[in-house]
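Scroll down for the structure; my scribbles are underneath it.
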Amino acid sequence: MSAGKYKKLTEFISEHDKAVVALSGGVDSTLLAKASYDVLGDKTLAITIDNGLMSATDVLKAGEMAEEIGVRHQMVSDNFLSDKHFAENPPDRCYICKKRIAFILKKTALKEGNISLFDGTNADDLRGGRPGIKALKEEGIETPLADLGFTKDDIRREAKKLGLSNHDRYSNTCLATRIPYGRKLNKQKLEQVEKAEEILMELGLKQFRVRNHRHIARIESFKDSFPIIIENSDYIVEEFKKLGFSYVNLDLKAYDGK
């Protein structure tokens, strides 16, 4: 990535008086929070929404990254599963989720005064239909990284240059994405997935997903992780069964990063 692109990011931020940044703990939102803090200082507030859909690991990481950057940080707890329509797990669940996130960000912004709202969506996220991005635009949430053409690779390179410890951290999505549309979401199903993924992380896997198909756990992983999974298959099956799964499948189609 050219230095010019990052300079454009800081120039964009400098045109704003104050900023609230949605901080998930991932590298995208961390870079945006870092750039905002470097430009605006304490006029930047990073907000993490513990909505019952993020893993405990991700919630913890968000706090750690805010501390590493030095930015003001606020943790907001909310139970998105209390929204009955969202809990039905419709195809537009991401749209509903982002709308609720936008509401929380706006509510906080009112307390902060004249403030801009930033989300860490990147240019790669714009490929394909993403209803969540549509919701952000409707609510006036700005997406500087996407608008300036930052790809995931751009972001990782710049984060590494800035010394951010999560520059090479695996990409993650909310736990609801592990449940097929139309299957109701509840805390038990999400915790089942979270604990299953923790088991695989302890084995050294980094980029993967455990999809919850009722009594079947379907593991999606990059092909270079297949040997680890197969070598530890007896252990994985035993531990997954303790979580309530009857069968454990390895998807032979390599994980596509979504």
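The values are calculated or read from the model by the stated rules, or taken from the named source; none is laboratory data. Not measured: the values here are computed from a predicted model. Reconstructed Cβ throughout: ideal geometry from the backbone, glycine too, with neighbour counts over all protein chains shown.
Select from region 134-151 the residues that are among the charged types (D, E, K, R) and either crowded, with 16+ Cβ neighbours inside 10 Å or not assigned by TED's automatic domain parsing to the domain that holds residue 59 (or both) and list them in ascending order. Answer for region 134-151, where residues must be among the charged types (D, E, K, R) and either crowded, with 16+ Cβ neighbours inside 10 Å or not assigned by TED's automatic domain parsing to the domain that holds residue 59 (or both): 139, 142.
Name every residue in region 163-196 that is among the charged types (D, E, K, R) and under 30 Å from residue 35 (Cβ atoms), in order of residue number. Within region 163-196, 168, 169 meet the criteria.
Residue selection: residue 220 fails the criterion of being surrounded by 14 or more Cβ atoms within 10 Å (Cβ to Cβ), in contact (Cβ under 8 Å) with a residue 40 or more places away in the chain and out of contact with any Gly (no Cβ under 7 Å at 6 or more places or on another chain). Restricting the first member to region 91-114 and to residues that are in contact (Cβ under 8 Å) with a residue 60 or more places away in the chain and within 12 Å of residue 18 (Cβ to Cβ), and the second to residues that are buried (at least 17 other Cβ atoms within 10 Å of the Cβ) and among the hydrophobic types (A, V, I, L, M, F, W, C), the beta-carbon pairs closer than 7 Å and six or more apart or on different chains are 108/20; 108/47; 109/20; 109/115; 109/117; 112/20; 112/45.
Going by what's in this entry, would residue 125 be described as among the acidic types (Asp, Glu) and buried (at least 17 other Cβ atoms within 10 Å of the Cβ)? Spell out how you get there, then give the answer.
Details: among the acidic types (Asp, Glu): yes; buried (at least 17 other Cβ atoms within 10 Å of the Cβ): yes.
Criteria met by residue 125.
Would it be correct to say that residue 214 is modelled with pLDDT of 95 or more and basic (Lys, Arg)? Before you say what the answer is, go through the steps one by one.
Values: modelled with pLDDT of 95 or more: no; basic (Lys, Arg): yes.
No.
Every listed requirement among (1) within 30 Å of residue 69 (Cα to Cα); (2) crowded, with 16+ Cβ neighbours inside 10 Å; (3) outside the structural domain of residue 55 (by TED's automatic domain parsing); (4) not hydrophobic (A, V, I, L, M, F, W, C) is met by residue 154 save one, (3).
Where helices (runs of 4 or more DSSP H) fall entirely within region 138-248, those with at least 1 residues that are touching a strand residue (DSSP E or B) at 6+ places or on another chain (Cβ under 9 Å) and among the β-branched types (Val, Ile, Thr) are at 187-202, 226-231, 233-242.
Determine whether region 179-191 contains at least one residue that is in contact (Cβ under 8 Å) with a residue 40 or more places away in the chain and of a type in the set (Asp, Glu). Within region 179-191 (the criterion being in contact (Cβ under 8 Å) with a residue 40 or more places away in the chain and of a type in the set (Asp, Glu)), the answer is no, since none of the residues qualifies.
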